[in-house]
1. Between Ile19, Ile126, Ile329, find the one with the highest GNM mean-square fluctuation for the chain; connect C-alpha pairs within less than 10 Å.
2. For Ala138 and Asp254, calculate 0.36 nm times their separation in residues minus their Cα-Cα distance, and state this gained length in nm to one decimal.
3. Which one of Gln282, Ala330, Thr270 is farthest out on the positive end of the charge dipole of the range 252-339, using unit charges on Cβ (Lys, Arg +1; Asp, Glu -1) and the Cα centre as origin?
4. Nearest 20 debye, what's the magnitude of the dipole of the range 3-122 about its Cα centre given +1 on Lys and Arg Cβ and -1 on Asp and Glu Cβ?
5. Assigning unit charges at the beta carbon (Lys, Arg +1; Asp, Glu -1) and nothing else, what dipole magnitude in debye, to the nearest 20, does the range 244-364 show about its Cα centre?
6. Heavy-atom accessible area per residue, the range 210-322, 1.4 Å probe: how many Å²?
7. Looking at the chain as a GNM with Cα springs under 10 Å, which of His197, His98, His179 has the largest mean-square fluctuation?
8. Please list the non-local residues whose amide H lies under 5 Å from the amide H of Gly292, H modeled 1.01 Å from N, same-chain partners needing a gap of 5 or more.
Amino acid sequence: MAHLYVGIMSGTSLDGIDIALASFSPSAPRATLLGARCMPFPPALRNDLLALCQPGADEIRRAGIAGQQWAELAARGVNELLQQQNIRSDQVSAIGSHGQTIRHHPESGFSVQIGAPALLAELSGIDVICDFRNRDLAAGGEGAPLVPAFHAWLLAAQQIRAVVNIGGFANLTLLDGAHISGFDSGPGNVLLDHWIHQHTGQLFDADGAWARRGKVIPELLTAMLTDPYFARSAPKSTGREYFHPAWLAQQLRDRHDAPVDVQATLLELTARTIVDALDSCQPPAQEIYICGGGVRNGALMERLQQLLAPRPVHSTATLGVDPDWMEAIAFAWLAWRCQTRQSGNLPAVTGACGERILGAIYPA
């Protein structure tokens, strides 16, 4: 039997924990998804995780408790997935757990993901490999994005130009023969989700339906696009520490726009910054493939296609990779790379001074 790995990813969208069971091979097909499961966050845990993204009282204790709850939910998902696939825990080589990012400060040399890996190993009976970002940071890198290394490995034999992952934030991988680059372009769904939740109570804008009803506010869009992050050269990464509700509130100060028009403008911000990031790279990407939750936002996908025309925009499903599970598979791959003593970062993407084996191992 091929070596099996479980990848666990919960991103900045804070909608739940994605769990993928996968195997890897040096030859095609290089990655095989055997099964997947999503464990939605209970509202109380989601609120706790969201609050931990900003400074607050008693946050060390709160982070410890939230990390344990995260691990318990992840372990339940892993056990249910393995039972569903009729796989025993001793048949799985390792779990690659991204954990939940609560702080990402590459400018200060650290990134914090919680997720109680020792508890996850105890509850699953499987070795857990985690803390993938800080080894790259120690080598002078951003610690993110890490998924471009997986994209490059997975799609090395295919004529692919760009892969864009749109989660809470958007990151892109540019493949041009032997040259590989990638970085975070800026907000993906994070501001869209916040704004619709504030005004309608919905956790996300399904298919971009609410944004479709609004009109882009040109002067607001122009003001947001002047943020220095967008003009920074790569390598670069970002998160809720930078683009958060207070950032949006500052942009809206002394304005009285209709909420639906702000939503339309935020969607345009996501689309424009992705396209600007793609166009900043030479040679320009001729084919664009999208993964992550943003692929299910029809309004966003249509706008990307309009801005990038005549270049085609597709879901990674056309490549045989389900867009919902790309990142979870990537962290299973990172666990495999760690266990087999292979590097997991791309210095051209993160800015690290060299390739490094990523991850810390918690034996079951």
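1. Of Ile19, Ile126, Ile329, the Gaussian network model singles out Ile126 as fluctuating most.
2. Values: separation 116, 0.36 × 116 = 41.76 nm, distance 4.23 nm.
In short, 37.5 nm is gained.
3. The listed residue farthest towards the positive side: Ala330.
4. Details: 8 positive and 10 negative charges, 38 e Å.
So the dipole magnitude of the range 3-122 works out to roughly 180 debye.
5. Values: 9 positive and 12 negative charges, 76 e Å.
In total the dipole reaches around 360 debye.
6. Working: 5230 Å² over 113 residues.
The answer is 46 Å² per residue.
7. Looking only at His197, His98, His179, the largest GNM fluctuation is found for His179.
8. Ile166, Asp324, Met326
The values are calculated or read from the model by the stated rules, or taken from the named source; none is laboratory data. Remember, it's a predicted structure, so these values are computed and weren't measured experimentally. No Cβ is skipped: glycine too gets one built from the backbone with ideal geometry, and neighbour counts run over all protein chains shown. Accessible surface areas use protein heavy atoms only, side chains included; no ligands, DNA or RNA. Shrake-Rupley method; radii C 1.70, N 1.55, O 1.52, S 1.80 Å.
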